[in-house]
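Notes to accompany the following structure.
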Amino acid sequence: ILLALTHHLFIVSYCNFSLLIYFPGPWGRCMGSDCGPGGSQSRAVWCAHVDGWTTLHTNCDQGQRPSNQRNCFRVCDWHKDLYDWKLGAWNECVPVSARTFGASRPFTCSGGEEGIQTREVGCMLKSDGSPAEDAICEYFEPKPRLEQACLIPCPQDCVVSEYSPWTSCSKTCGTGLRNRVRSVLVPPLFGGAVCPNLTEFQSCKPGPCTGPEGMYSLRVGPWNPCTLPQTRTTRQVKRRKGKGQGLRERCGTLSSLSPIWVLTKGNRYIFTYQSHNLTYTPPLCPFPSLCTPRDMPLTVQSCVLPKDCQVTDWAEWGPCSKTCVDPESPRGNRTRSRQVLQFPVGEGAECPPLEESESCDPPGEGVPPCANYTWRTTEWSDCRVDSLLSQQDRRRSNLTGLCGGGLQTREVYCVQANAELLKYLNDLREKDKASRPVENKLCEGPIPNRSQLCQIPCPIDCEVSPWGAWGPCTFENCDDQAGKKGFKLRKRRITNEPTGGPGNCPHLVEAVPCDEPSCYDWQMVSLDQCIPDDEKPCGPGTQLAQVQCVNSNGEEVDRSLCSSSSAPEPVPCEVPCSRDCVLSDWTPWSTCSQTCSSKTIEGKQMRTRSILAYNAGEGGALCPNSSSLQEVRNCNENACTVYHWQTGPWGPCTEDPSASSLNTSMSVRGGSGGQGPCSMGMQTRKVICVRVNVGQVPPKKCPDGPRPTTVRPCQLPCKKDCIMTPFSDWTACPVTCDAGKQSRKRLIIQLPSNGGQDCPEVLEEERDCEVPKICPGFRWKTHKWRKCQLVPWFIRQNSAGAQETCGPGLQTRAVSCRQLDGTQADIGECLKFAKAMPTITQRCQLPCQDDCQLTNWSKFSSCTADCAVQLISLPLLSLGRSKKKDKCKNTQMYPLSETQYCPCDKYNAQPVGNWSDCILPEGGRVESILGMKVQGDIKECGQGYRYQAMVCYDQDNRLVETLRCNSHGYIEEACIIPCPSDCKLSEWSNWSRCSKSCGSGVKVRSKWLREKPYNGGRPCPKLDHINQVYEVVPCRSDCNQYVWVAEPWSVWKVSNVDLKENCGEGVQTRKVRCMLNTIDGPSESVEDYLCDPEEMPLGARESRLPCPEDCVLNDWGPWSRCSLVRAEPRSESSTNIINVNMLCFSSDWSTCQLSPNAVCGSGIKTRMLDCVRSDGKSVDIKFCEELNLEKKWQMNISCVVECPVNCQLSEWSAWSECSQTCGLEGKMWRQRSVVQASQGDGRPCPSQMEQWKPCPVRPCYRWQYSPWSECRVESVVCGHGIRYRNLSCFVSDGSSDGDGSLVDEELCSSLELAVDGDKQIRLKEACTLPCPGECYLMEWSDWSSCVSICVRGAGVDFGSVQVRSRAVLAQEPENLQLCPDQAWESEPCTGGECYEYKWFSSVNSTRPFIWCQRSDGLNVTGGCPSMNPPVDNSSCDPPCLMPKSFCSEAGVCMCEEGFTEVLSPTGQLDQCAPIPILEIPTAGDKKGDVKTSRAINPTLPSTILPGRTGRTWYLQPYGPDGKLKMWVYGVAAGAFVLLIFIVSMIYLAW
């Protein structure tokens, strides 16, 4: 505001009679070198005429020139932390209409009135809250809003109920009054109309009175304040001064005093007295005898002199509960107390609070940070695979040797985690600094994982190739050829390297002893052509052998090494002459039938030849017989004595004493990872020579060359000692006087291994709690009542009927505070911890001679056998000769017997509520309070029990403890929790045969479904449509694995035989078999389909048998190798076709293959290469190897089979506290949580994560007031008196139905003395008994139902309220002017109903009547809208009660303007329907659209309508009967015809 005023500031000066003004410009930016208030800003100031032209500054008054510079606050970024907006509270909501200028318009409230409320917003300094310029805060964020919309609720008028029925006449004769009253239901709110009169009076005259109509009564006034008595001297002086006043004093007011004991500090007692007035009504008493009652009431009594509670000053503040720095809750609390000096006595003021608290900051500087807590974990356990096995795997598998994916667990515990105090296991030397575990509830945040997947490497088995052929007989060492004994060796190679190296493979070399060994020998390569002797053209000759020198491994060496051996001699042969029999060459020797020879076994091999042409006539050599066409020879004549070296398993790794001194230990941290090597050691194994099928033989029997080693180096793992946490703190002892136990625990963080120090056996300790010498607890102790003290005689001697030694008095007793063991305690302890202090005074009576004197109560009589009898008589005896025998006979005042319930053993037990969940027995397992463990094989199914609560009632259907019915509170019933059953599959079938006999193919095995899962068992893996699961792996068949073997051709069978010559066309046959090919050659016959049918040799052939003189040719030899053209593959695709002969083909990847002992985890996928000829035929892989086509292909990739992790749950929590402390509906709950969600095909988590069971039914006892008694005013008719009520013990079942049953007070002895939470027990209160003819207030009505002050349908609620009221009752017409005002009071409540109020009307036999009704059906006065109540139209019959209807002058019900009448079949008005208004625009109307309006009066001229011009016609389509008029049908028909015409024209034009 100041800136605006400054900006518009103008200073006027007169110069040459012209008006010149200084005009200031806006302030510029705050400039300066330093941040803060040291900045400056400037503005321009110029002199100008009021007409707008500027002039020189000298023409304006220089004394009025505004400044053009001022200091300012330069804002910097770091000021953001120092300044902030201060937001004030929102002010009262002001109606918008009150803020507008002009005359107020009439306002009809519907739901609420719109308003605006404001607040103050300013910039402030955070440190001290001092104000600052708004520009500082506006630099960082805009100024918050100063106004907001609000809603002012509509005025709520007072709503009252209907009148009660008329009371009877207040008099039996003469003129009296009748009353009827009503109560307030809703108080006036928000300026609503005040409540009307709650009482209505009506005069009544039962009849004339025979005597005087007036009546007189003695009215007792209230007791005067309790005061100290006056001395006798003082009273006598006052009497002498006041002579002649005694009669008026007795007629008007009689006063006297009476004594009382008062408890003061130091337990001193003081006599005090109080009096009350006796007033004769009417106020003037010309006839005192008319007011004299039979028994004069007391005018003086003992009383308690009021003493207010007095307390000491506040003590010093106690220490702050927060002694450390905690960012989350920086402040603590501190308390201070004060002591009681004087207890409240009588009606004195109660004691104020003796203790108060306030928030505080930790004192001093350098306050240490508060302890915070964090989760710690133990070392991961060993990886276990068996926890992942399904039910089926557990039953059928050997659980040893499992590998692959597994599960490992650890414990989680909570520790104090101050960074500067604790350090978590940095190395083994800090094992004693492991954190002490505390209770888990101290830790917050997510709990670390207690389980994780792990991997146990599966051992790779050694795989070896088949045995090779026996080699030649050779020396064991060719460098030392001493002796004549040698060995034949055969070998095999490792095809798959095993875990741990080749030392874990079986023997790879076998040896057979032989004679005449040789290290080098000649090997025949081929035979030259047969050359006849003597250079003849045919006949016998020789063939020269082409040889090479080879070593024992078959490798070619220098020929000079074979010089010691003779070269092979020429082989004899024969070249047939023209007429000789022609034979083929010998076939190669077949495979030897045995690998060795013995007495019963001989190895044989065979070769054959065939006849190519028969001899012709004489002179030709004859063909040999068939036996000469076959030769057999012995082979493998070496004995069957095979030897090999056999190795045992490697022993444990032990320290090598001969190791180097550098081989020292290396300390490594023992964590959850692998074990590091600490030193080098050695392993040994046993190596023996073994004869096959015999056993161990001397080592010299085996060749020494291939002997395995017996010692190898190894790495020694580090020793790991057991690491444990320190013991936790001892658990707290129970806060009882009974002997309890406390325990402490510690956890294993790291288990020992490799010879480390073992863990101690004791992980938990327990000890007995010390029984406190003095049990905590305090109680009040009351002492004997003292003698009854009367009011001094000099005070009451003038009272009528008073006697000196008898009458009413007061007696006191002492009260002290004791501990439970009876020792004296400070009284402040009982004020804190004990119940309410017992009363220290009571009224007493010293009987007079004429009083009714009764003996003490006798003992109760014995109960009858029938426990249904509840009364027990206790006769009392009257003593003395009382002159008031009639009074003594009043059993209400002097009861002579009293009753008490007899104990009864008849109880009735019955079940109540629903059955609980099925709960498995606990099994004695106790959940650890320190470590949270992952459940193992916890029993989660089987037989359990479900519970139903039992309730016990006595013979009066009152709830009692269930022990009375010999029940522990439950009915148990066995139940079954079905166990989960996993999916069950069959065993794996055998692998199928490889799909190809040459090259790469696949082989398959399968499992099929045997049993589906149920009850939450493990799901099945993905099955096909026939419920099977497959494993597919590639395989390769050696193209030479199966070969065709053809026997020699048979003898020619000439079809057209020339008897002279055995030649011409003929047929030869032979047997062709498919045989398994081994390293030693074909061995056994197999099925023909295993061999390549394209490669099958012919089994028969037709040819011409050569005749004499014909050329004879032998059979074709094998085809030579095809010349291959090298070509590189283009990619790794499965069909890489090359332009020439070969391509490399990769098969599909196999399924992920695991070790046989693995369930899941890491595996491999494999594929194989296939060498494919250009015509698509698979050939031997060696052809592609020669082209190097296989080198770029990856044959193995790693893969992972997801582990089937079952859902892991925590243990069940402890049972919760009962949801209700008593009653029938109490429940206890327990929960569990998911520790590890299921993974893969693991067992899913169950849906039941919590369980409940009923609580034992306990009776609900409560203190409850009885109804107030009638007002008791001693022996007079009216005046001030006292009413009483009792505090009784009631029992109920906790439900809202019924108030319960009265029971013995001892059952409520353990409860706090309070009624509905109110600890102020009031068993008596002052009351007034109206005198005959008085006008007085009735008692308070009951609280009304809770009503919500709301806008129904708008969702706006202004709170709920309930109210009660007091109406006035009058008895004399003359006293109506003296009646007190009616009263009401309200209080907030919750859960109020939102009501609506509507007018209703009805017609009886005489005339209609109207009333207001609430939406719940209650007839009320007030609440309905006052603007449009239904009109009492008596001229229309029946009346016009429909909305928007009125009674016309003709006595007919009609509708208001804008509505049309809809008549019933009888011709009466049924409803008023709104008229659809068709608006026809005229030439002057700019709006050309047609609209419907319902809220416009059709009779108004068009000029009244705002924004409208021209005329408007209103067409009413409905008639008085509610039906459409005929012209509406005509218009519709015309429109339809017009539409048909337009469509036809468009069609014809198209």
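Residues within the reach of a label modelled at residue 641 (point 7 angstrom out along Cα to beta-carbon, backbone nitrogen below 20 Å), restricted to region 437-478, are 470-477. Sequence-ordered 3J(HN,Hα) estimates for region 1340-1346 from the Karplus curve with 6.51, -1.76 and 1.60 and θ = phi - 60° stand at 4, 6, 5, 4, 5, 5, 5 Hz, glycine and proline given as x. Distance distribution P(r), region 535-598, all Cα-Cα pairs, bin width 10 angstrom from 0: 15, 28, 31, 21, 6 percent. The trypsin sites (Lys or Arg not before Pro) of region 966-1021 that meet both conditions, a loop assignment by DSSP and at most 15 other Cβ atoms within 10 Å of the site Cβ, are 993. Computed on the Cα trace of region 945-1079, the radius of gyration divided by the Kirkwood hydrodynamic radius gives Rg/Rh = 1.67. For the listed peptides 57-70, 180-193, a ranking on the average number of other beta carbons within 10 Å per residue, highest first, reads 180-193, 57-70. Restricting the trypsin sites (Lys or Arg not before Pro) of region 121-173 to loop positions (DSSP other than H, G, I, E, B) with no more than 16 neighbouring Cβ atoms within 10 Å leaves 126, 145. For q values of 0.19, 0.31 Å⁻¹, compute log₁₀ I(q)/I(0) with the Debye formula on a Cα-only model of region 117-160, without solvent. Per q value, in the given order, log10 I(q)/I(0) is -0.70, -1.11.
Radius of gyration over Kirkwood radius for region 587-644, both on Cα atoms: the Rg/Rh ratio is 1.26. In order along region 642-652, the Karplus-derived 3J(HN,Hα) couplings, from 6.51 cos²θ - 1.76 cosθ + 1.60 at θ = phi - 60°, round to 9, 10, 7, 7, 10, 10, x, x, 5, x, x Hz, and Gly and Pro are given as x. With θ taken as phi - 60° and the Karplus curve 6.51 cos²θ - 1.76 cosθ + 1.60 applied, the whole-hertz 3J(HN,Hα) list for region 1039-1047 is 4, 9, 5, 10, 10, 7, 10, 9, 6 Hz, x standing for glycine and proline. Sparsely packed loop sites in region 1204-1313 (the trypsin sites (Lys or Arg not before Pro) outside DSSP H, G, I, E and B with at most 15 other Cβ atoms within 10 Å) comprise 1285. Highest mean first, the peptides 626-637, 568-579 sorted by other C-beta atoms within 10 Å per residue fall in the order 568-579, 626-637.
Peptides 605-614, 1335-1344 ordered by packing proxy, namely the average of other Cβ atoms within 10 Å per residue, highest first: 605-614, 1335-1344. For residue 356, the residues whose amide H sits under 5 Å from its own are 336, ignoring neighbours fewer than 5 places away on the same chain, with H placed 1.01 Å from N. In region 449-553, the ratio of gyration radius to Kirkwood radius, Rg to Rh, stands at 1.35 when only Cα atoms are counted. Past the 22 Å Cα-Cα mark, which pairs from 488/599; 604/996; 835/1319? 604/996, as the Cα separations exceed 22 Å there.
We did not get these values from a lab; they are worked out from the coordinates using the rules stated. This is a predicted model, so every value here is computed, not measured. Note that we place each Cβ from the backbone using ideal geometry, even for glycine, and neighbour counts take in every protein chain shown.
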